[in-house]
Amino acid sequence: MKTLILGSGNGSNAASIITASKQSLLGPTEIVCIISDVSTSGILKVANENDIETQFVEAGSPKHKLSGEFETKWIEIIRKYNPDLIVMAGFMRILERSFLNNFKDIIINIHPSLLPSFKGLQAIEKAFERGVKITGCTIHWVNDEVDGGQIIAQAPVRIMDGDTCEIVRSKVQAAEHMLLPWVIGDLANGNIPFPSS
Ligand code: GAR
């Protein structure tokens, strides 16, 4: 399963995927490339340290979207890898329908809340400030509704009295690092079906 990872941030989720892959926990998964819209991002460093092909590709403005000529360029580059699966691992841009149509039913996203609660940016902060006692992370298929696609898997995290927002973030990320490799392995092994199969 040719797997391409998109990310903008630290790359801790990408690192968890790479580790699981090295431990042969992801079945027939091959990470073909990690692409980022941020040249200085941790995710590109993580990839380089692990000898995984990388690309930094400019994505222009607005900062939270991929559109116009930039979108065309991204589509062109990603197509060359002919991926079976595209993983948004902290990729902080909204993909429009024109992009999704080129990679139908093969894009998953990890989001740091129990969707449909706390969609969009700052999900951990929103859950913390709202005072919920259980939050977590969600992996879902990507469609043109932000954080609105079919849910594949979720992991819960308890917020205890006295937890700071940073503690909640580290708990949510620890849950992500278990859940994301697990889902990718199950997709690769056919235990979780692709929507079009
Ligand atoms: C992760 O917590 C992921 O859930 C979040 O960005 C972080 C990336 O961390 N994604 C979103 O908020 C998407 N809406 P990482 O770069 O260390 O993997």
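The values are calculated or read from the model by the stated rules, or taken from the named source; none is laboratory data. Bear in mind the structure is a predicted one, so any value in this text is a computation, not a measurement. Quick reminder, even Gly has a Cβ in these numbers, built from the backbone with ideal geometry, and neighbours come from all protein chains shown. Note: areas computed on protein heavy atoms with side chains; ligands, DNA, RNA excluded. Shrake-Rupley method; radii C 1.70, N 1.55, O 1.52, S 1.80 Å.
I'd like to check something: does the range 49-69 contain any residue that is closer than 19 Å to Ile184 by Cα, among the aliphatic types (A, V, I, L, M) and at pLDDT 95 or above?
Taking every residue of the range 49-69 in turn, at least one turns out to be closer than 19 Å to Ile184 by Cα, among the aliphatic types (A, V, I, L, M) and at pLDDT 95 or above.
Name the residues in the range 62-91 that are assigned to a loop (DSSP other than H, G, I, E, B) and under 17 Å from the mean Cα position of the chain (by Cα), would you? Explain how you work it out, then say what you get.
As a first pass, look at the range 62-91 and keep what is assigned to a loop (DSSP other than H, G, I, E, B): 62-64, 67, 82-84, 89-91.
If the condition is that a residue be assigned to a loop (DSSP other than H, G, I, E, B) and under 17 Å from the mean Cα position of the chain (by Cα), then His64, Pro83, Asp84, Ala89, Gly90, Phe91 are the ones that fit.
In the range 165-174, which residue that is touching a residue at least 24 places away in the same chain (Cβ under 8 Å) and open to solvent by 10 Å² or more (accessible area, probe 1.4 Å) is nearest to Asn109 (Cα to Cα)? Before you say what the answer is, go through the steps one by one.
Here is the first cut: in the range 165-174, the residues touching a residue at least 24 places away in the same chain (Cβ under 8 Å) are 165, 168-169, 172-173.
Okay, now just the ones that are also open to solvent by 10 Å² or more (accessible area, probe 1.4 Å), so 165, 169, 173.
Numbers: Cys165: 22, Arg169: 18, Gln173: 14 Å.
Selected residue: Gln173.
Within the range 132-147, take every residue that is loosely packed, with under 13 Cβ neighbours inside 10 Å and over 23 Å from Lys104 (Cα atoms) and give me the one that is nearest to the chain's Cα centre (by Cα).
Result: Ile134.
I want to confirm something. Restricting to the range 1-38 and keeping residues that are in a loop (DSSP other than H, G, I, E, B) and away from the ligand (no atom under 15 Å from the Cβ), which single residue is farthest from Leu187 (Cα to Cα)?
The qualifying residue farthest from Leu187 (Cα to Cα) is Gln23.
Select from the range 175-187 the residues that are more than 14 Å from the chain's Cα centre (by Cα) and open to solvent by 20 Å² or more (accessible area, probe 1.4 Å) and list them in ascending order.
Asp186, the sole residue that qualifies.
Six or more apart or on different chains, Cβ under 6 Å: which pairs go from a residue in the range 186-197 that's of a type in the set (Phe, Trp, Tyr) to one that's modelled with pLDDT of 95 or more? Could you list them?
Listed pairs, sorted by first residue: Phe194/Asp105.
Could you check how many residues of the range 76-91 are buried (at least 17 other Cβ atoms within 10 Å of the Cβ) and either of a type in the set (A, V, I, L, M, F, W, C) or within 16 Å of the ligand (Cβ to nearest atom) (or both)?
Of the residues in that region, 8 qualify.
Between Gln154, Gln150, which is open to solvent by 30 Å² or more (accessible area, probe 1.4 Å), in contact with a Cys (Cβ under 8 Å, 6 or more places away or on another chain) and touching a residue at least 12 places away in the same chain (Cβ under 8 Å)?
Gln154
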